[in-house]
1. Given 5 Å bins starting at zero, what is the percent of C-alpha pairs of region 71-147 in each, up to the one with the largest pair distance?
2. Once the convex hull of the alpha carbons of region 135-217 is built, what does its volume come to per residue, in cubic angstrom?
3. In deg cm²/dmol and to the nearest 500, what is the mean residue ellipticity at 222 nm of the chain if only DSSP H runs of at least 4 residues count, each as -39500 (n - 2.57), divided by the residue total?
4. Roughly what would the spin-label model give for residue 217 and residue 3, points 7 Å off Cα along C-beta, in nm?
5. Per the 1.4 Å probe, what fraction of the accessible area of the chain, in percent, lies on carbon and sulfur atoms?
6. With no solvent and one point per C-alpha, what does the Debye sum give as log10 I(q)/I(0) for the chain at q = 0.09, 0.15, 0.17 Å⁻¹?
7. Between the DSSP loop rule and a limit of at most 16 other Cβ atoms within 10 Å, which trypsin sites (Lys or Arg not before Pro) in region 59-152 are left?
8. Between residue 169 and residue 208, what's the calculated FRET efficiency when r is the beta-carbon distance and R0 is 35 Å? Round to 0.05.
Amino acid sequence: MSSPALHAFGLRRRFRHPSGDVEVLRGLELSVDAGELVTVSGRSGSGKSALLALLSGFDEPDAGRVLLAGVPIDGAPPWHTCAVLPQALGLSAELTVAENVALPLRLRPGGEDIEQRVRGLLTDLGVAQLADRYPGEVSFGQQQRVALARAVSGRPKVLLTDEPTAHLDSGSIPAVLELLRDCASQGAAVIVATHDDAVHAIADRRVRLVDGVLAAA
Ligand SMILES: Nc1ncnc2c1ncn2[C@@H]1O[C@H](COP(=O)(O)OP(=O)(O)O)[C@@H](O)[C@H]1O
Ligand SMILES: [Mg+2]
């Protein structure tokens, strides 16, 4: 049998605080198959963003491992293996909207028409008119959609998104949900940390982060 697209087990992560250490993740396990969309809920501060940072290799666990297609991650994997839409978005301020979205495609030349791919994603997300602006010149909700377009442009095998609808007006949400579903349909393992019932509604599986481990939601 082939390995799941993402398999994390025994994940522990403790943070130091002046008021005492907090062990946010306590032996967490998660397996997500290619083509599966899983939502992670949990109260604010339960550790959803901390979990995504470990799964994306941007942070290291105190214990446990993360495997992508059976291979242990070693630092942050390349965009086409695992892409992340962090809560803080992380767009490059000195690149235009279109250049930001093109970045994963330029880092991995693959024969795809980059301009067409970028234009298509920006159009799908209703932000095509912003292509030549800089991130600082568009609203946070628009930046969020641009950051999602950048995360998916290189067709990652694993897509991790942190509260992707948090700053969107209700009219912008359906296009984001459709894009997340499309990524899964095209074979990506998609993990979405979210409070939003509209996102949970499109999930194949819902889990909840409670006391440092995941339970069925
Ligand atoms: N880099 C960090 N340094 C110290 N504490 C952190 C850090 N990242 C997260 N935490 C702590 O871990 C807990 C979970 O945070 P977070 O993962 O952001 O929760 P959520 O995304 O579920 O709202 C919080 O108590 C937070 O203060
Ligand atoms: Mg968070």
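1. P(r) for region 71-147, in whole percents per bin: 3, 15, 25, 24, 18, 9, 4, 1, 0.
2. 106 Å³
3. Working: 6 runs with 61 residues, N = 217.
It lands at -8500 deg cm²/dmol.
4. Computed distance between label sites residue 217 and residue 3 equals 2.7 nm.
5. Working: 5150 of 10380 Å².
C and S atoms contribute 50 percent here.
6. Once normalised to I(0) and log-transformed, intensities are -0.34, -0.95, -1.19.
7. Details: sites: 65, 106, 117, 119, 133, 145, 150; in loops: 133.
Those satisfying the criteria are 133.
8. Values: r = 27 Å, r/R0 = 0.76.
Calculated transfer efficiency: 0.85.
The values are calculated or read from the model by the stated rules, or taken from the named source; none is laboratory data. Note that the structure is a prediction, hence the values are computed from the model and not measured. Cβ coordinates were reconstructed from backbone atoms using ideal geometry, including for glycine residues, and neighbour counts include every protein chain displayed. Remember, those area values only see protein heavy atoms, side chains included, never the ligands or the DNA or RNA. Shrake-Rupley method; radii C 1.70, N 1.55, O 1.52, S 1.80 Å.
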